[in-house]
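All remarks here apply to the structure that follows.
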Amino acid sequence: MERKQMSPLEELRHSTAHILAAAVLRLWPDTRLDIGPPTDTGFYYDFDSSTRFTPEDLEKIEAEMNNIIRENQAFVRSEVTREEAIAYFTDRNQPYKVSRVGDIPAGEPISFYQNGEFIDLCAGTHLRYTKQVKAFKLLSIAGAYHRGDEKNAQLQRIYGTAFPSKTELQEYLTMMEEARKRDHRKIGKEMGLFTFDTDQVGPGLPLWLPKGTAMVEELERLAKETEFAAGYQRVRTPHLAKESLYLTSGHLPYYKESMYPPMEFEEDEGGEKVKYYLKAMNCPHHHKIFDAEPRSYRDLPLRLAEYGACYRYEKSGELMGLMRVRSMQMNDAHIYCTEDQFGQEFRAVNEMYLKYFEIFGIKKYLMRLSTHDPEKLGQKFVDEPVLWKKTEEMVRRVLVESGINFVEVPNEAAFYGPKIDVQVWSAIGREFTLATNQVDFAVPARFGLVYTTRENTRETPLCIHRAPLGTHERFIGFLIEHFAGDFPMWLAPEQVRVLAITDEQSEYANHINQSLRQAGFRSTSDHHKDNIGGKIRRGRMDRVPYLLIIGNKEVESGTVTVRSRLNGEEGAFYFDSFMERLHGERSQRKLTVQL
């Protein structure tokens, strides 16, 4: 069992997970344990218990955890043989632990950690004493399949978090409470952006309602304008392809579990059956487009962009609103370039990210440079050690020279090259993985992609995979939380609502509404019979950026009284003047919100 030295925060959370398991066993001794690792935001532990845990049980568990902490138990490590480990957990009816012992490669040490009467299979590391846990909180209970496989038993997962101080814990809990208020599933339903029909359409397959579709189209318009100005060419590819395409790319061997099962057809009557797969990624299709014509150095860099629909069979337990889905619209592009062009192209992609951050008011971000593990070449990573070292250094140099905020993460690269995962923080400080920027030095060669050099030789291009806006689904989920549904006017699903005080002003109100719609604004009229106060309250609840109030005074003067979400009552404006304001906000994509 490989012993990994954890960070102080990871040690704290890992130790608290052990305290959680010890407390559960004290309260329900027949519980069977699986695993309890630290996470980026806390920890969890998976349990198989005849007792169905409730939120009230979390309070009892916390109380017992506090008892264990007060006992100031020492965390003691010991090494055992494989046979001793299996015998220990078999005697105590802990089959999941026996199974986990089997995961440890031959020759690696097997270690136990003990605190008080509790002993767990664990590589460590841990705190020295339980009393070093100063601030923790159990957060929720969820279902989780053993090893993440739906064919296995469903366990109960208890999530928690721990921090070095009570102040830090309270700040985190406050942020999480705000996040619950901003939950994209709740706000998305309130605003009528999207829905799911698990019975007949299927889980993880979102249906975009008209208002949500408006947002999707605005994001696509932004990407198309940005990419056109940057020299990208748009392409379109089918939603499925033959098995041979994904065998050539290498995706099937590496990603088959995340792809939908194949459809098998006879190409011709009496002919051989051919398997087709739903597209899980756009890159193999784009490689075929590159290969459709002879290419020379004069054609490079060649930037091919597509909002391609992809389908991935995410496990049902991992589906979560728009954040984890099975069908997605991906803001994808592939840049084919020479080695000399790579630095400038990679830098330009990163600059595109920074432009988007400014548009959406994203102030905190981090680029995670994921590199390979030399010991896993030929298994998890393409066996090209020289190219791995070379391309990782190229990416690292670009990041350093650009002054980009980044960290390196080993053993998380794509199978075909190093990648950057873009981490962003929402307005309330919650972290999201937004998008990726990847280098591919292997797959173009598998497809035989070449270009003619200035010296009339043939070389394989490098390929940069990039998706600055990720997928519509995940990005809109992020934006809902980031803005709490109060989107900038240019992005809002309903931009303007016209409110007539009485039926007497309906004709003028309809004229205003139609003028806005003819100018391309998403405008509506409120024809409800309640008073103007009720109409204003409804507009605010629906998060409409601008409410235009029409009374007799406005009809006579050709004005509109403007009430904005940001500033409240703004007074009367001539309609033409207000239209100019809207055009300016839309064309400049102004951030007309309070973050």
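The values are calculated or read from the model by the stated rules, or taken from the named source; none is laboratory data. None of these values were measured; they are calculated from a predicted model. Here the Cβ positions follow ideal geometry from the backbone for every residue, glycine too, while neighbour counts run over all protein chains shown.
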Worksheet, complete the sentence: Among strands (runs of 3 or more DSSP E) entirely inside the range 309-415, those with 2 or more residues being within 30 Å of L207 (Cβ to Cβ) are 327-337
Discussion item. Against the condition surrounded by fewer than 22 Cβ atoms within 10 Å (Cβ to Cβ) and either among the aliphatic types (A, V, I, L, M) or outside any loop (DSSP other than H, G, I, E, B) (or both), how does L449 come out, does it pass?
Written reply: yes
Worksheet, complete the sentence: Scanning the range 452-508 residue by residue, those surrounded by fewer than 20 Cβ atoms within 10 Å (Cβ to Cβ) and among the β-branched types (V, I, T) turn out to be T452, T453, T457, T460, I501, T502
Worksheet entry | the range 224-242 residues that are closer than 20 Å to G470 by Cβ, paired with ones that are assigned to a loop (DSSP other than H, G, I, E, B) and among the aromatic types (F, W, Y) (beta carbon under 9 Å, 6 or more apart) | K224/Y232; T226/Y232
Worksheet, complete the sentence: Of N282, N331, the only residue that is crowded, with 21+ Cβ neighbours inside 10 Å and without any contact (Cβ under 8 Å) to a residue 60 or more places away in the chain is N282
Item to complete: List the number of the failed condition for Y508; all other conditions in (1) touching a helix residue (DSSP H, G or I) at 6+ places or on another chain (Cβ under 6 Å); (2) part of a strand (DSSP E or B) hold.
Response: (2)
Worksheet item: Looking at G107, G148, G124, G160, which is the one that is in contact with a Ser or Thr (Cβ under 8 Å, 6 or more places away or on another chain), at positive phi and assigned by TED's automatic domain parsing to the domain that holds F89?
Response: G124
Practice prompt. Please find, within the range 459-506, the residue that is farthest from R522 (Cα to Cα) out of those that are in contact with a Lys or Arg (Cβ under 6 Å, 6 or more places away or on another chain) and acidic (D, E).
Written response: E481
Response to the item:
Selection from the range 356-406 of residues within 26 Å of T226 (Cβ to Cβ), among the basic types (K, R) and either crowded, with 16+ Cβ neighbours inside 10 Å or at pLDDT below 90 (or both) yields R368
Practice prompt. Among the numbered conditions (1) over 30 Å from L173 (Cα atoms); (2) among the small types (G, A, S); (3) at pLDDT below 90; (4) out of contact with any strand residue (DSSP E or B) (no Cβ under 8 Å at 6 or more places or on another chain), tell me where A445 comes up short.
Written response: (3)
Discussion item. Tell me whether the range 7-17 contains one or more residues that are assigned to a loop (DSSP other than H, G, I, E, B) and in contact (Cβ under 8 Å) with a residue 60 or more places away in the chain.
Written reply: no
Worksheet item: Out of the range 355-368, which residues are farther than 15 Å from S426 by Cα and out of contact with any strand residue (DSSP E or B) (no Cβ under 8 Å at 6 or more places or on another chain)?
Response: K355
Worksheet item: Of everything in the range 26-50 that's at pLDDT 95 or above and β-branched (V, I, T), which residue is farthest from D103 (Cα to Cα)?
Response: T31
Practice prompt. May I ask you to verify whether F265 is loosely packed, with under 13 Cβ neighbours inside 10 Å and either touching a strand residue (DSSP E or B) at 6+ places or on another chain (Cβ under 9 Å) or farther than 19 Å from G231 by Cβ (or both)?
Written response: yes
Worksheet entry | Condition broken by I428, with the remaining ones in (1) outside any strand (DSSP E or B); (2) under 17 Å from V349 (Cβ atoms); (3) not hydroxyl-bearing (S, T, Y) satisfied | (2)
Discussion item. All but one of (1) touching a residue at least 12 places away in the same chain (Cβ under 8 Å); (2) under 30 Å from S316 (Cβ atoms); (3) of a type in the set (F, W, Y) hold for F196; state the number of the condition that does not hold.
Written reply: (1)
